[in-house]
Structure formats: C-alpha cells, structure tokens
Amino acid sequence: MKKAVFLITNILLAILFVNCNNKSEEYIDPRGTDYAGSESCVQCHKTQSEMVFHSSHFKATAPAILENVSGDFDSKNHTFIYDKDTKLVMEKHGDSLYQVLYKNGKETAKYKFEIVFGTKHAQTSVYWRNNNTYELPLSFYHSVNSWATSPGFPADKPYFDRMVVKDCYACHSSNISSRTVDQSSTEKNFMSMDIEDVINKKTIVYGIDCERCHGPAKKHVEFHLKNPNVKVANSITSFKTLNRQQKLDACALCHAGNDGMKLKSRFEFKPGDNLSAFFRETRSINDTTQFDVHGNQFRLMAQSKCFINSEKMDCITCHNPHENASKNMASYSKICMSCHQGLKHNETTLKSMPEKLLADNCVECHMPKKASNAISFQLSNSKQLSNYILRTHKIGIYPKSKK
C-alpha cells in the first residue's frame with residue numbers, strides 16, 4: 001500500500017513538474033522566443049521581484065485600470081476650466097476612466113484612459129486611436145495633488161492630437177512594436193519598432209521589467225529549473241560582472257537625455273552594450289552646458305567632482321535599481337561620508353544648521369531640488385506656469401540664496 005501511494009505521489013509530482021516546464025516553454029514574449037517574462041523570475045528571486053513589482057521602474061507604463069491611475073474622479077478636484085464655456089472633467093464610467101469634454105454644459109467628446117505613464121512624481125495618460133496612442137491634455141501632479149495641463153499643452157483650449165511616438169515607449173516600457181514575431185530577439189528588426197507608424201497592442205510589455213536590464217532570460221530559467229543546485233547565474237547578465245562604464249551605460253540609456261543622433265533603437269540595447277553605438281552625442285558632458293534636471297541624471301552626475309575624482313562611483317553606488325529611491329536622506333549621507341570622512345563645515349554653514357543635522361542632510365545642500373526647464377504645467381483657471389521640481393544629480397556646493 002505504501003509503495004502504491006509513493007508511486008502515485010511521484011507520478012503526480014512529475015506531471016506537475018512537466019506541466020510547469022511546458023508552460024515556460026510555450027510562453028512567447030513579444031520581444032522574441034529567447035525571453036521568459038518577469039513572472040518566471042519570481043520562483044527563484046522572490047525578494048527582488050516583490051521590490052521590483054512595486055517600483056517606479058516597473059510602473060513606468062501600465063494599463064489604465066482603476067488601481068493604476070492617480071488622481072480624483074469623483075470630487076470637486078476633478079474639473080479643469082479652460083474658459084466660461086469649456087471644461088474637461090475626469091469621470092468614472094463603470095470600470096473605465098475618461099477625460100470628458102463639455103461645451104456650454106453639454107458633453108461633446110470623451111477620451112478613455114488606456115495607458116498611464118509614470119507614478120512617482122506625476123502621471124500622464126494616453127488613449128488609442130487608429131493603432132496609435134495620443135496623450136490626454138491633463139495629467140496628475142503629486143506635488144500639487146491636482147490635475148493640470150500635460151507638459152507643453154495649452155491651458156486655454158483642450159488638445160487631443162499629440163501622438164506619443166514609439167521612442168517615448170523606449171524608456172517607459174520594455175517592448176512595443178508593430179508586429180508580433182515568433183523569432184529570437186537577435187533575429188528581429190528592432191529599428192522597425194521606431195520607424196513604423198502603427199502599434200500592435202499585443203506587443204506591449206509594460207514598464208521596465210527584469211529582462212530589460214538583465215537581458216533575455218529563457219535559457220537562464222530553463223537551465224536553473226533543471227539545475228536548482230547551481231548557484232552561479234547561467235545565461236543571464238549580472239551587474240556584478242559589468243565594468244563601471246557598462247553599468248553607467250545601462251542606466252544612461254534612459255537617464256542621460258539622449259538628445260543626440262540616434263543610431264539604433266533603445267529596445268535593441270542589452271546590458272553590457274556600449275551606449276555610443278546607439279547615440280552620437282552632440283554635447284560634451286565636460287562642457288558648461290546646463291543639463292535639465294529631468295531625464296539627465298547621468299550627465300549631471302558626470303559633471304560632479306565626486307564622480308570625476310572617483311574610479312568606482314556609478315549609479316548603483318547610491319541607488320538600488322530594484323526599488324525606488326529612498327526618502328531617508330540620512331541613508332545617502334552615510335554614502336557621502338564614506339568618502340568625506342573628517343570633513344568640517346565652515347562657520348557660515350554651521351550657523352544655518354546644527355552640525356549633527358548637517359551630517360544627516362548632505363543631499364539637501366549638495367544636491368538641491370531645482371525646477372525643470374523642460375516641464376512646466378498650469379492649474380485650472382490659472383495663467384501662471386508651475387514648475388516641475390526634481391533633485392539635481394550634479395553634486396556640488398550651492399550657495400544659499402540671500403533673503
């Protein structure tokens with residue numbers, strides 16, 4: 001009897017194991033057959049996955065379902081006034097969300113929230129039209145806890161015709177294309193992702209997922225499912241194996257502005273690649289150009305003496321890429337003090353704040369928050385432009401403004 005139970009148990013376990021493997025083998029990622037999908041990472045990397053799935057990277061784009069969309073839809077704070085006859089109202093109809101246009105009190109058009117971009121500082125949204133996406137004229141800004149004009153949109157009239165091109169998705173998603181191709185990623189034409197003027201909804205891989213930063217994982221998953229006792233990562237890119245420039249390039253792909261000449265699609269970039277093969281810079285990092293605080297974190301950091309005088313400093317020195325930036329300023333100060341031990345502040349600085357507080361607030365003084373020149377917005381019934389504020393990554397000495 002015991003032998004029979006043991007045999008049946010083993011048969012059932014074998015069936016479950018085969019079914020699990022079959023599901024993995026049958027999965028086809030829109031990027032190609034050498035990708036496994038982020039869900040395949042959870043079984044072996046549970047801790048990292050739990051952090052990543054709640055991060056701003058992973059939520060850089062997301063389907064516009066109720067739990068993903070920021071902002072009010074059922075209070076006094078959900079209406080934007082363009083003029084006495086024109087208003088745009090955020091409304092919930094069933095499980096769907098809309099920006100509804102009213103003229104003289106009558107509904108004239110409504111546009112559905114379909115994909116959201118961003119979650120931490122602000123969130124903008126797009127709707128589908130003729131196999132392309134178009135930005136909605138209002139975005140939600142956490143700094144003012146209110147709806148306001150999307151960057152670059154007018155505050156005197158609603159505008160619904162700004163197409164969100166594929167290159168925008170290159171830093172906010174892990175894939176978007178005009179066709180699904182059942183080939184490996186090396187066999188696919190990645191440039192078609194940027195130049196063809198239609199989007200296949202089925203090809204979207206939302207957010208920045210595990211394989212966007214670590215490369216295709218199908219072989220990695222298959223190997224470690226068959227060899228669970230092997231602890232050295234096989235057939236995957238570990239950042240521990242990359243040199244400093246390779247680590248910097250992986251982050252700079254989306255955090256260096258990249259306003260130079262594009263040579264290849266960002267989607268084609270794999271960790272370990274050289275960024276210069278994808279963009280030809282038109283401005284030197286070492287010149288006196290004032291890079292904007294939005295999207296230029298790497299180039300600002302690269303102008304800092306801390307970075308220039310260090311052989312090891314990179315983005316991961318201060319940031320864990322698997323989770324959002326810490327709100328604990330003291331944690332960054334510990335990193336600063338690891339190089340600046342014994343540093344003494346001058347008398348003028350000590351008068352502004354006690355020495356103990358200074359030691360826990362390096363970032364507040366040496367990486368202050370600044371207004372973006374690239375992004376501004378207007379609130380309802382206001383002609384004044386509001387600034388989009390972000391912390392600069394140019395580490396330096398910033399004199400206190402005189403009052």
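The values are calculated or read from the model by the stated rules, or taken from the named source; none is laboratory data. Only a predicted model underlies this, so the values are computations on that prediction, with no experimental measurement involved. For neighbour counting, all protein chains shown are included, and Cβ atoms are generated from backbone atoms with ideal geometry for every residue, glycine included. Heads up: the accessible areas ignore ligands, DNA and RNA and are worked out on the full protein's heavy atoms, side chains in. Shrake-Rupley method; radii C 1.70, N 1.55, O 1.52, S 1.80 Å.
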#### Entry: Subset of the stretch 357-374 [acidic (Asp, Glu) and within 13 Å of residue 400 (Cα to Cα)]
364
### Message
Report every pair of residues separated by at least 6 positions or lying on different chains whose Cβ atoms are under 7 Å apart, first residue within the stretch 239-251 and closer than 19 Å to residue 295 by Cα and touching a residue at least 24 places away in the same chain (Cβ under 8 Å), second open to solvent by 70 Å² or more (accessible area, probe 1.4 Å) and not in a helix (DSSP H, G or I).
### Response
249/274
### Query
Going by the structure shown, is residue 75 loosely packed, with under 15 Cβ neighbours inside 10 Å, modelled with pLDDT of 95 or more and at negative phi?
no
### Query
Here is a list of conditions, (1) modelled with pLDDT under 95; (2) within 21 Å of the chain's Cα centre (by Cα), and residue 135 meets all of them except one; can you say which number that is?
(1)
### Query
Out of the residues in the stretch 287-301 that are at pLDDT 90 or above and either closer than 17 Å to residue 250 by Cβ or β-branched (Val, Ile, Thr) (or both), which is surrounded by the fewest Cβ atoms within 10 Å (Cβ to Cβ)?
295
### Evaluation of residue 281 against (1) farther than 26 Å from residue 209 by Cβ; (2) open to solvent by 70 Å² or more (accessible area, probe 1.4 Å); (3) modelled with pLDDT of 90 or more (one fails), failing number
(3)
### Task
Only residues that are surrounded by fewer than 22 Cβ atoms within 10 Å (Cβ to Cβ), β-branched (Val, Ile, Thr) and in contact with an Asp or Glu (Cβ under 9 Å, 6 or more places away or on another chain): list them for the stretch 133-146, please.
none
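Within the stretch 35-72, restricting attention to residues that are acidic (Asp, Glu) and in a helix (DSSP H, G or I), which residue is least open to solvent (accessible area, probe 1.4 Å)?
Kept after step one, since they are acidic (Asp, Glu), are these residues of the stretch 35-72: 39, 50, 67, 72.
Remaining after also requiring in a helix (DSSP H, G or I): 39, 50, 67.
On the way: 39: 138, 50: 102, 67: 145 Å².
Step by step, filter the stretch 35-72, then rank; the result is 50.
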### Task
Take the residues in the stretch 216-230 that are touching a helix residue (DSSP H, G or I) at 6+ places or on another chain (Cβ under 9 Å) and not in a helix (DSSP H, G or I), then tell me which one is surrounded by the fewest Cβ atoms within 10 Å (Cβ to Cβ).
230
### Task
Please go through the stretch 279-309 and pick out each residue that is assigned to a helix (DSSP H, G or I) and either more than 15 Å from residue 260 (Cα to Cα) or among the acidic types (Asp, Glu) (or both).
297, 300, 301, 305, 306, 307, 308
### Task
Please work out which residue is farthest from residue 374 (Cα to Cα), limiting yourself to the stretch 303-326 and to residues that are open to solvent by less than 60 Å² (accessible area, probe 1.4 Å) and in contact with a Lys or Arg (Cβ under 9 Å, 6 or more places away or on another chain).
313
### Query
Can you tell me how many residues in the stretch 262-310 are touching a Phe, Trp or Tyr at 6+ places or on another chain (Cβ under 7 Å) and without any contact (Cβ under 8 Å) to a residue 40 or more places away in the chain?
3
#### Entry: Residues (open to solvent by 90 Å² or more (accessible area, probe 1.4 Å) and touching a Leu at 6+ places or on another chain (Cβ under 8 Å)) located in the stretch 337-371
369
### Condition check for residue 235: among the polar types (S, T, N, Q) and assigned to a helix (DSSP H, G or I)
no
### Query
So, of the residues in the stretch 255-278 that are outside any loop (DSSP other than H, G, I, E, B) and in contact with a Lys or Arg (Cβ under 7 Å, 6 or more places away or on another chain), which turns out to be most open to solvent (accessible area, probe 1.4 Å)?
261
### Task
Could you tell me whether any residue of the stretch 388-395 is on the phi < 0 side of the Ramachandran plot and open to solvent by 60 Å² or more (accessible area, probe 1.4 Å)?
yes
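Within the stretch 315-343, can you find the residues that are more than 22 Å from the chain's Cα centre (by Cα) and assigned to a helix (DSSP H, G or I)? Walk me through how you get there before you give the answer.
Kept after step one, since they are more than 22 Å from the chain's Cα centre (by Cα), are these residues of the stretch 315-343: 330-331, 333-343.
The answer is 330, 331, 333, 334, 335, 336, 337.
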### Query
Hey, among 108, 149, which residue is of a type outside the set (D, E, K, R) and open to solvent by less than 50 Å² (accessible area, probe 1.4 Å)?
149
### Query
Here is a list of conditions, (1) at pLDDT 90 or above; (2) basic (Lys, Arg); (3) surrounded by fewer than 16 Cβ atoms within 10 Å (Cβ to Cβ), and residue 247 meets all of them except one; can you say which number that is?
(3)
